[in-house]
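K.L.:
Please find one structure pasted underneath; my questions will follow.
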Amino acid sequence: MPLTTEKKAGIFAQYGGAATNTGSIEGQIAAITERMAQIANHLQANKHDFSTHRGLMHLVGRRRRLLNYLQKHNIKGYRELIEKLGIRK
């Protein structure tokens with residue numbers, strides 16, 4: 001259940017500036033957030049899928065590190081992104 005190519009391109013176009021700008025921090029954070037939402041839905045139906053839960057925790061840590069980097073280097077972009085994505089309320 002990974003993200004489709006079209007979905008990824010849309011995420012990076014919306015948050016990264018261009019569909020081909022896959023290295024942008026904002027786009028990476030948005031893509032990870034979308035993937036985390038998919039995994040969370042999967043885990044609601046499959047409560048004993050512990051390996052997927054471990055993968056979710058890995059994504060949470062990766063997103064946290066990227067958000068910390070963005071906060072240190074571009075506070076304005078950080079605030080706009082968390083507002084758009086609805087995280088860290």
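K.L.:
Taking the Cα centre of the chain as origin and charging only Cβ (+1 Lys, Arg; -1 Asp, Glu), how large is the dipole, in debye to the nearest 20?
P.N.:
In debye, rounded to 20, the chain gives about 360.
K.L.:
Ordered by packing density, taken as the mean number of other Cβ atoms within 10 Å over each peptide's residues, highest first, how do 64-70, 30-36 rank?
P.N.:
The packing order, highest mean first, is 30-36, 64-70.
K.L.:
Right, another one. From the P(r) of segment 5-89, could you give the percentage of C-alpha pairs in the tail past 14 Å?
P.N.:
65 percent
K.L.:
So what is the accessible area of the chain per residue, in Å², with the probe set to 1.4 Å?
P.N.:
Solvent-accessible surface per residue comes out at 68 Å².
K.L.:
Which residues does a label at residue 49 reach in segment 1-33, if reach means a backbone N under 12 Å from a point 7 Å past the Cα toward the Cβ?
P.N.:
Only 1-2 fall inside the zone, counting backbone N under 12 Å.
K.L.:
Still on this structure: Can you give the percent of C-alpha pairs in segment 9-53 whose distance is more than 13 Å?
P.N.:
55 percent
K.L.:
Follow-up. Could you check the simple spin-label distance between residue 37 and residue 79, using points 7 Å along Cα→Cβ, in nm with one decimal?
P.N.:
Simple spin-label model gives 2.4 nm for this pair.
K.L.:
Kyte-Doolittle cut-off 0.0, length cut-off 20 Å along the helix's own axis using Cα: show which whole DSSP H helices in the chain pass.
P.N.:
Going by DSSP H runs, the hits are 25-45.
The values are calculated or read from the model by the stated rules, or taken from the named source; none is laboratory data. Just so it is clear, the model here is predicted, and its values are computed rather than measured. Using ideal geometry, Cβ is built from the backbone for each residue, glycine included, and neighbour counts are taken over all protein chains shown. Heads up: the accessible areas ignore ligands, DNA and RNA and are worked out on the full protein's heavy atoms, side chains in. Shrake-Rupley method; radii C 1.70, N 1.55, O 1.52, S 1.80 Å.
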